[in-house]
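Peer 1: Pasting a structure here, questions to come.
The values are calculated or read from the model by the stated rules, or taken from the named source; none is laboratory data. Being a predicted model, the structure only gives us computed values, none of them experimental. FYI the Cβ positions are ideal-geometry reconstructions off the backbone, even for glycines, and counts take in every protein chain you see.
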Amino acid sequence: MSKKKNNGSPERDARSFRPESMMMSYGYKPELSEGAIKCPIFQTSTFVFQSAEEGKDFFEVAYGLREKRAGESPGLIYSRINNPDLEILEDRLTLWDNAEDAAVFESGMSAITTTMLEFLNPGDVLLHSSPVYGGTDHFIHHILPRFGIESISFVAGESSETILSRVKESGKADRVRFIHVETPANPTNTLIDIEACRKIGDQLGNGEKVYLAVDNTYLGPLWQHPLKHGADFSIYSATKYIGGHSDVIAGAVCGSSELIKRVKTFRTFLGNMAGPWTGWLLLRSLETLKVRMEQQCENAKTVANFLNVHPKVERVNYPGLITEKNQVAWEIFNKQCDAPGAMVSFDVVGGEKEAFTFLNSLQIIKLAVSLGSTESLAEHPYTMTHAGCDPEHNQKFGITEKLVRLSVGVENVDDLVWDISQALDQV
């Protein structure tokens, strides 16, 4: 990992420390905060300039009136623009994806929408994978068209040739400016080849840059690194694993300094940056992210294997169960995923009645939406997270009345299996 300076932090020495070690101190100097071992909450709206000349310098950099001078750091102006808690958090988020910069938002949806709106203009076309999270689906199909932005979708398993052919036949190939993929997909766990999407983007846009964004919420930032495979943006609902305690709503985008600068500038004028309390909570959570996610993954493997042989379960969607028989998915998984994650979805034998009976019978696992937290959660995508999607669209991708989604937490795995087993007994 390359050396960098952030918020006055000294350059790293010859040893390249791993992200989980750097989460404890990177970007923060205790001597600037009365020696506090942890970063304080900078609960302030504005910051004092030492001189009028300093204020001028800070604004020139913040508004892009000039480039930073050698060794110059952006100065603190106003918490809508920057705040120490957010700056330190953004520095630490870059470590997992080996990104140059990151931007933090008040929600995952604001991270997605701000990035799309910055790089899409009226008349442009968005190419996206399907299915995606219900909120993203709604934004693509109901909000972007109001701004004259069209979309074309593709599904897991389609070859690059098939996707390119369909886009070109639509007559819109020259207008494609942005590709958005969600992999693994919510809630089906289907995988999209990020490198293949990069190559597709390079063949579209009539010579103009086509940006590639990956919603990395399901596996990131620990188990998948989209920037490594050609993506321009790695996007997160930081509410999930990054926050990991069901007590904060946030989003994040990682990428190059050049592109994240554009995202941050647009964020400034939309006003959807996260506040200092959110930044502080995420800094706390990042310290335990690796141990939490690793335990959740191990638990999920056991849960998925149990469900896979249960007589009241028709099908289990989990990357850890992909075999060589499914050659395309197998190759993608081994190329870009470091672990199968902690999200499991499955079809209960029957329909909505049976799925609801299962959900209503759970004792340890909580019936709630969201994911990636320390506690295990279960929900019914068809009537909950994806209720706003077109019913035919849902059916096409297996988001049916019998599908249940599990977010596996850090509880004792034997207790989780017992709870799932007794709930299935009620079906």
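So that you can scan it fast, the table gives a plain yes or no per residue for (1) among the aliphatic types (A, V, I, L, M); (2) without any contact (Cβ under 8 Å) to a residue 40 or more places away in the chain:
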| site | (1), (2) |
| --- | --- |
| 33 | no, yes |
| 41 | yes, no |
| 45 | no, yes |
| 64 | no, no |
| 110 | no, no |
| 118 | no, no |
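Peer 1: Can you say whether residue 56 is farther than 26 Å from residue 251 by Cα, at pLDDT 90 or above and basic (Lys, Arg), as far as the supplied structure shows?
Peer 2: Yes: the conditions hold for residue 56.
Peer 1: If a residue has to be of a type in the set (S, T, N, Q) and surrounded by fewer than 17 Cβ atoms within 10 Å (Cβ to Cβ) to count, how many in the range 284-328 make the cut?
Peer 2: Count: 7.
Peer 1: Name every residue in the range 187-224 that is within 19 Å of residue 111 (Cβ to Cβ) and charged (D, E, K, R), in order of residue number.
Peer 2: 215, the sole residue that qualifies.
Peer 1: Could you grab the pairs with beta carbons closer than 6 Å, sequence gap of 6+ or different chains, first residue in the range 398-419 and in the same structural domain as residue 351 (by TED's automatic domain parsing) and over 16 Å from residue 308 (Cα atoms), second one outside any helix (DSSP H, G or I) and among the charged types (D, E, K, R)?
Peer 2: 409/375
Peer 1: It is to be established whether one or more residues within the range 11-21 are free of Cβ contacts under 8 Å to residues at least 24 places away in the same chain, of a type in the set (A, V, I, L, M) and surrounded by 17 or more Cβ atoms within 10 Å (Cβ to Cβ).
Peer 2: For the range 11-21, residues free of Cβ contacts under 8 Å to residues at least 24 places away in the same chain, of a type in the set (A, V, I, L, M) and surrounded by 17 or more Cβ atoms within 10 Å (Cβ to Cβ): absent.
Peer 1: Out of the residues in the range 384-408 meeting the condition of being among the aliphatic types (A, V, I, L, M) and in a loop (DSSP other than H, G, I, E, B), tell me which one is nearest to residue 357 (Cα to Cα).
Peer 2: Among those residues, the one meeting the criterion is 384.
Peer 1: Residue by residue through the range 127-174, note down the ones that are of a type in the set (Gly, Ala, Ser), in a helix (DSSP H, G or I) and farther than 14 Å from residue 109 by Cα.
Peer 2: Hits for the range 127-174 are 160, 165, 173.
Peer 1: Find the residue count for the range 271-283, including only residues that are part of a helix (DSSP H, G or I), touching a residue at least 40 places away in the same chain (Cβ under 8 Å) and crowded, with 16+ Cβ neighbours inside 10 Å.
Peer 2: Summing the residues that are part of a helix (DSSP H, G or I), touching a residue at least 40 places away in the same chain (Cβ under 8 Å) and crowded, with 16+ Cβ neighbours inside 10 Å in the range 271-283 gives 6.
Peer 1: Just one of the numbered conditions (1) assigned by TED's automatic domain parsing to the domain that holds residue 271; (2) more than 30 Å from residue 152 (Cβ to Cβ) is not true of residue 79; which one?
Peer 2: With respect to (1) assigned by TED's automatic domain parsing to the domain that holds residue 271; (2) more than 30 Å from residue 152 (Cβ to Cβ), residue 79 is out only on (1).
Peer 1: Now, a different point. Take the range 266-299 and flag every residue that is within 19 Å of residue 94 (Cβ to Cβ) and touching a Phe, Trp or Tyr at 6+ places or on another chain (Cβ under 8 Å).
Peer 2: Residues satisfying the conditions are 267, 273, 274, 289, 293.
Peer 1: Also: Is the range 334-351 home to any residue that is hydroxyl-bearing (Ser, Thr, Tyr) and in a helix (DSSP H, G or I)?
Peer 2: No, because not a single residue in the range 334-351 is hydroxyl-bearing (Ser, Thr, Tyr) and in a helix (DSSP H, G or I).
Peer 1: Next up: Is it fair to say residue 209 is touching a residue at least 40 places away in the same chain (Cβ under 8 Å) and either surrounded by fewer than 24 Cβ atoms within 10 Å (Cβ to Cβ) or under 18 Å from the mean Cα position of the chain (by Cα) (or both)?
Peer 2: No; evaluated as a whole, the condition is false for this residue.
Peer 1: On to the next question. Which one is farthest from residue 279 (Cα to Cα), of the residues in the range 105-123 that are in a loop (DSSP other than H, G, I, E, B) and in contact with a Phe, Trp or Tyr (Cβ under 7 Å, 6 or more places away or on another chain)?
Peer 2: Out of the qualifying residues, it is 122.
Peer 1: Continuing with this model, one more query. Within the range 242-268, can you find the residues that are surrounded by fewer than 24 Cβ atoms within 10 Å (Cβ to Cβ) and either in contact with a Cys (Cβ under 8 Å, 6 or more places away or on another chain) or under 20 Å from residue 376 (Cα atoms) (or both)?
Peer 2: 245, 246, 247, 248, 249, 260
Peer 1: Taking the range 178-210 only, how many residues are among the acidic types (Asp, Glu) and not in a loop (DSSP other than H, G, I, E, B)?
Peer 2: Matching residues across the range 178-210 total 3.
Peer 1: With out of contact with any Phe, Trp or Tyr (no Cβ under 8 Å at 6 or more places or on another chain), more than 19 Å from residue 108 (Cβ to Cβ), at pLDDT 95 or above and in a helix (DSSP H, G or I) as the only criterion, which of 261, 228 stands out?
Peer 2: Within the list 261, 228, the selection yields 228.
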